[in-house]
1. In nanometres, what is the gap between the two model label sites at His380 and Lys299, each 7 Å from Cα along Cα-to-Cβ?
2. Determine which aspartates and glutamates satisfy two conditions relative to Lys101: a Cα distance under 19 Å, and not lying fewer than 8 residues away in the same chain.
3. Using a cut-off of 14 Å between beta-carbons, work out the net charge of the residues near Phe311 (Lys and Arg +1, Asp and Glu -1, Phe311 not included).
4. What label, among (i) 75, 60, 43; (ii) 63, 59, 42; (iii) 95, 43, 38, belongs to Cα extents along the principal axes in Å computed from the structure on display?
5. Rounded to the nearest 20 Debye, what is the dipole magnitude of region 305-446 about its Cα centre when Lys and Arg each give +1 and Asp and Glu each give -1 at the C-beta?
6. Which of Leu338, Met316, Ser55 sits farthest toward the positive end of the charge dipole of the chain, with +1 on the Cβ of Lys and Arg and -1 on the Cβ of Asp and Glu?
7. Within the chain, which whole H helices from DSSP have a Cα span along their axis of at least 18 Å and a mean Kyte-Doolittle hydropathy of 0.5 or more, if any?
8. In terms of the Cα gyration tensor, with a ≥ b ≥ c the square roots of its eigenvalues, is region 312-409 rounded because a/c is under 1.5, prolate because a/b exceeds b/c, or oblate?
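The values are calculated or read from the model by the stated rules, or taken from the named source; none is laboratory data. Everything numeric in this text was worked out from a predicted model, so none of it was measured. Reconstructed Cβ throughout: ideal geometry from the backbone, glycine too, with neighbour counts over all protein chains shown. When the accessible area is computed, the model is the full protein with side chains, heavy atoms only, and any ligands, DNA or RNA have been set aside. Shrake-Rupley method; radii C 1.70, N 1.55, O 1.52, S 1.80 Å.
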Amino acid sequence: MWGNGDVGMWRKVRLFFFSISPLLPISTSLYLQPRIIAIVFLGFSSGLPLALTASTLGVWLKEASVSLTSIGLFALVATPYALKFLWSPLIDGAPFPVLSKLLGRRRGWLIATQLALMLSIVWLGLADPTVNPWITAAVALLVAICSASQDIVIDAYRVEILKPEQQGAGAASIVLGYRLGMIISTAGALYLASHVSWLATYGIMAALVSIGMITVLLSGEPESPPSLTLPRKRERGIRLWLRQHVIAPFADFMQRPHWLAILLFILLYKLGDAFMGVMTNPFLLDIGFSKEQIATIVKLYGVIATIVGSFIGGAMVFRLGTVRTLWICGIAHGLTNLMFVLQARAGADSGLLALSITLENMSGGMGTAAFVAFMSGLTHARFTATQYALLSSLAAFGRTWLSTPAGWFAERLGWQEFFLLSAALAIPGLLTLWWLTGRLKRPAIA
């Protein structure tokens, strides 16, 4: 049971939610538009496969008595998500046979990747890790490739189907759908697996991909961008295709003013968040929280706060513009990281943790919506899939690789100083944004 102090903290959490209620009328009209609703269902289809090759698969492997070393190596099957920009030019530049002719370029690729994803998930369910875990790993890698390919098309479709002022709402909607998909493929899949076989569980998960397929079939095709004109008319075949769809997207982006500073901003904006996120669970265990408390407060309420924050962030982008929202959310998220300094001093105070997680995850969700809208506005209509895949891969690189020293700093600094450092790591991204502010002239992102 929580004490009086904990109850007081929960009152503060409720007061915070009431304070953002003026944004609700904006959000209601913004998020009930048919295209925004469609993005939620596509986000669900995007988020569903990830855990099926990660945490959920890990439980199955453990039950199959696969060694911990081998289970750890299975993390490598997520590599396609970081490398998806390598084959995104193919999706941007080539129609999928038959389906693109029937449904359009984007919808044809979406149906193709979703069909492939469904089949590969069923195949993964048919694999038996007790017989040969490496075959299971190979099929899991195939699922990840199909999932990453679907993500390329969904991101491009979202950017192209929405107007510039809808991009923030679209980012929030994709976050909502993605989180719901992950909940189903983690908690939902584990619940199923406790009552039916793993094959049946993965079969049901594969069937749920059809939600995305139905959404695609009920939605329209984005307008096709104008054809790319190139001066070298004598080029033919593969050289021409490579020049149009591999070289041209990168050359186009590099012609943008301040493109290096933009890439630096994308690399750094979420650095403090990623740095702290790696150590949050070890920190909470270290100061005395139980796994059950972490699951309830951090995972459950944290997800809810992230979703609510993403919707607030989308409404802010619509009302204030992307760059101003990035400023507000970047500062707010850096400051909310300081809540964990108080947590380190207070110890295992559940009420304070609830408030800290609410503020930190909500500001993080707000920032994510603005950040995704920012990257969406940077893409050229002719190269949406390639350029967005490149930008999102760069952001993932920053979150993954630049946060790897977090444990080393935590061990040497102690928790209070570590969280001060995490908050300070928001400054490089904000300084880059300060330099870019006033220089970003495109209406879609300014």
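1. 4.5
2. Output for Lys101: Asp92, Glu160, Glu221, Glu223.
3. +2
4. (i)
5. With only Lys, Arg, Asp and Glu charged at Cβ, the dipole is about 660 debye.
6. Checking the options against the dipole of the chain, the answer is Met316.
7. 34-52, 105-126, 133-161, 167-183, 271-286, 302-320, 322-337, 350-377
8. oblate
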